Amino acid sequence: NRGIGTEGLGCILAGIWGTGNGTTSYSENIGAIGVTKVGSRRVIQWGAFIMLGFGVFSKFGSCFLTIPSPIVGGIFCVMFGMITAVGLSNLQFIDLNSTRNLFVLGFSIFFSLVLPQWMKQHPELELTGSAEVDQILKVLLETSMFVGGFLGFFLDNTIPGTPEERGLIAWNNQHTVAKGSEGDYDQSKCYDLPVGMDYLRKQKWAQYVPFLPTFNDKKQQHSISAL
């Protein structure tokens, strides 16, 4: 939640400053972490400095151009394969014997593959009559990830199902850290903002904002268990 919130803030700042590009996380890092088993922030920070150096000193960046294309293609196959596998691994928490879950999963995947292709074959299609709105909608509907993610989110939250069936309880149990443990302290300290934490901890509303460090997921878990 905090990562997605930070991405949204970065996109807002990019739009205000007129950089012409959005700010998003590099999804291939999921595959890199899965292969190397290295998830240290220090590695990411050093990697960022190295990439900045490549941008400033073009001679260093030209070294990467000497890498043969088959090697780059093999790396991409491994990384994107790991990304797909990590995404599918989240299904371990849901009940795959449930007809409801099979419908949500199957329809979201299949429709996200069909609709973008149909949209690309009909570029003259008018959706709203407004050229600007139509352009935005066409970009979204031609993106398989958006269509699949939106349908999965919408169907999972509208079709009735128990928390156990949806995998909410198993998901929360796996990510629950014992209160007062060393891991809980490290996690809280890691996500603290540089300034303003004393003020946020005094505000009750800050316990219900998912991307804030003061978010109290224990209350959310209690509400889910009560269902």
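Laboratory data are not the source of any read-out in this text; all were calculated from the coordinates shown. Keep in mind that what you see is a predicted model, and the values were worked out from it rather than measured. Glycine gets a Cβ as well: all are built from the backbone with ideal geometry, and neighbour counts include every protein chain shown.
Compute the orientation-averaged projected area for segment 1-155 from the convex hull of its Cα atoms and round it to one decimal in nm².
13.3 nm²
Using a Förster distance of 30 Å, how high is the FRET efficiency between V195 and E7, based on the Cβ-Cβ distance and rounded to 0.05?
Working from the Cβ atoms, E equals 0.90.
With a point put 7 Å past each Cα toward its Cβ, work out how far I44 is from S58 in nm, to one decimal.
3.1 nm
What translational diffusion coefficient, in µm²/s and rounded to a whole number, does the Stokes-Einstein relation yield for segment 38-125 at 4 °C and a viscosity of 1.567 mPa s, taking the hydrodynamic radius as the Kirkwood radius over Cα pairs?
Calculated translational D: 73 µm²/s.
Pull out the extension gain between M145 and V133, defined as 0.36 nm times the separation in residues minus the alpha carbon to alpha carbon distance; nm, one decimal.
Length gained, M145 through V133: 2.3 nm.
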